[in-house]
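Please read the structure below before turning to the comments.
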Amino acid sequence: MTTGPLVLSELGTDPASVLRLIAQFDALEEREVNADAAVRFAALVAECPVGVRWPGVTVVRYDASGHLIPVEDGDAPTSDRHETLVWVERAGSGHPLDEVLLDRLRRVLGRVAVRTEVSGSPHLGDPALLEVVLSAKEHREDRARAIRLLGLDETRPTCVLAASGHSPRETVRLIAGELPGPAVRSAVIGNATVIVCQGSFDMREFSDRLERVIVERFPTVVNVGTASGPWVGIGSVGNAFSASTSWHEAVRALRFASSTGFGRRVVAYERLSSLELLADLPIDRVQRNRDVARINDIASTHAGDLDVRTAEAFFVYGSLRRTATELHVHHSTVAARLARVQAAMGWDFEDPVDRFLGMLVLIVRRIAMSSAELADVDLL
């Protein structure tokens, strides 16, 4: 059974062969692949290097085995016209179907351009290119090429966000609506959505605003274990080449965000300060901790889970009456739930040390739970 594309050496020059070649590229177009994947596919079919030069200086070349070829001066044809050039680099005489292949490649690249140049609107896609931008393991020239292919500016302020817990497309639309600039690129990596944005903004103001929007759009539902909206971590701002650092920071910040709705839904890494050290705690050790184990035991029943989540809400809102208002229950109900948690844990929330211990235990428990939910997020 053939696992790769049908190659030109297997085709003749008859109309049926032409149609089979066209059908391959039509199928590729239907998959909505990105530009890199289209050029690589063409090289595999042609069984020789294939290249493309976009208007300007961006050049991509793949060899017959589908590997990226480094680009040096003089490697690509030039043109004075503002057009995209495609070519095959075949030794000796060309194949009779080379022009058909190049024509279909131009068509696919044209459709890619239409999809990715929709007046700056956010879209999910180009995961391979985003992964190159976010990976510190890639060569700088490869990252520069990926940045340009994504339509991003190497010099503009760049920030990466990691989001989880909600529909990726809706999450991207919601977050993009609060971002300061139109340059937004996103993709799904593991079970998180990565969002790369460019523009200048005040991190505290932005994270607080996004928090308000998410809470308003997806208010906490009492007696339900998880919030319906996304939870978000925000990395620091740098240039496009520091996106890898910002992505790592965003994922670490995401572990502090609460997926229950009773904690903060949006956490900016730079606002964690010394709390960020907690992200380095070994998760298995946290889960074995006596206090965390006891809290988990309490939360293992429906009534106990309500008590623990009420304690989380209390530490967020700061008073019995505010917590009662936010949870839509009587303040005596909140007091009774907190009393049960204090009795089971041996805490007294009137004592500053016990109150701090309660907050700390719930925070590290949240980090452990979030880390488990984010276990397959690839940090590249």
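Results, tabulated for the structure shown:
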item	result
Ser300 vs. criteria among the small types (Gly, Ala, Ser), within 37 Å of the chain's Cα centre (by Cα) and not in a helix (DSSP H, G or I)	yes
Test: Arg355 is touching a Phe, Trp or Tyr at 6+ places or on another chain (Cβ under 8 Å), modelled with pLDDT of 90 or more and open to solvent by 60 Å² or more (accessible area, probe 1.4 Å)	yes
Region 129-141, subset part of a helix (DSSP H, G or I) and buried (at least 17 other Cβ atoms within 10 Å of the Cβ), residue modelled with the lowest pLDDT	Leu129
For Ser259: the one exception among (1) modelled with pLDDT of 85 or more; (2) surrounded by 19 or more Cβ atoms within 10 Å (Cβ to Cβ); (3) small (Gly, Ala, Ser)	(1)
Residue list for region 271-297, restricted to those being within 30 Å of the chain's Cα centre (by Cα) and without any contact (Cβ under 8 Å) to a residue 60 or more places away in the chain	Leu272, Ser273, Ser274, Glu276, Leu277, Asp280, Pro282, Asp284, Arg285
Residue list for region 235-290, restricted to those being farther than 30 Å from Leu150 by Cα and of a type in the set (Val, Ile, Thr)	Thr260, Ile283, Val286
Residue tally, condition at pLDDT below 90 and outside any loop (DSSP other than H, G, I, E, B), over region 326-345	2
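For (1) at pLDDT 90 or above; (2) under 22 Å from Ser9 (Cβ atoms); (3) open to solvent by 40 Å² or more (accessible area, probe 1.4 Å), each residue gets a yes or a no:
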| position | (1), (2), (3) |
| --- | --- |
| Arg81 | no, no, yes |
| Val86 | yes, yes, no |
| Ala91 | no, yes, yes |
| Gly94 | no, yes, yes |
| Val100 | yes, yes, no |
| Val112 | no, no, no |
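The values are calculated or read from the model by the stated rules, or taken from the named source; none is laboratory data. Remember, predicted model here, so these are calculated numbers, not experimental data. Reconstructed Cβ throughout: ideal geometry from the backbone, glycine too, with neighbour counts over all protein chains shown. Only protein heavy atoms, including side chains, enter the accessible area calculation; ligands, DNA and RNA are left aside. Shrake-Rupley method; radii C 1.70, N 1.55, O 1.52, S 1.80 Å.
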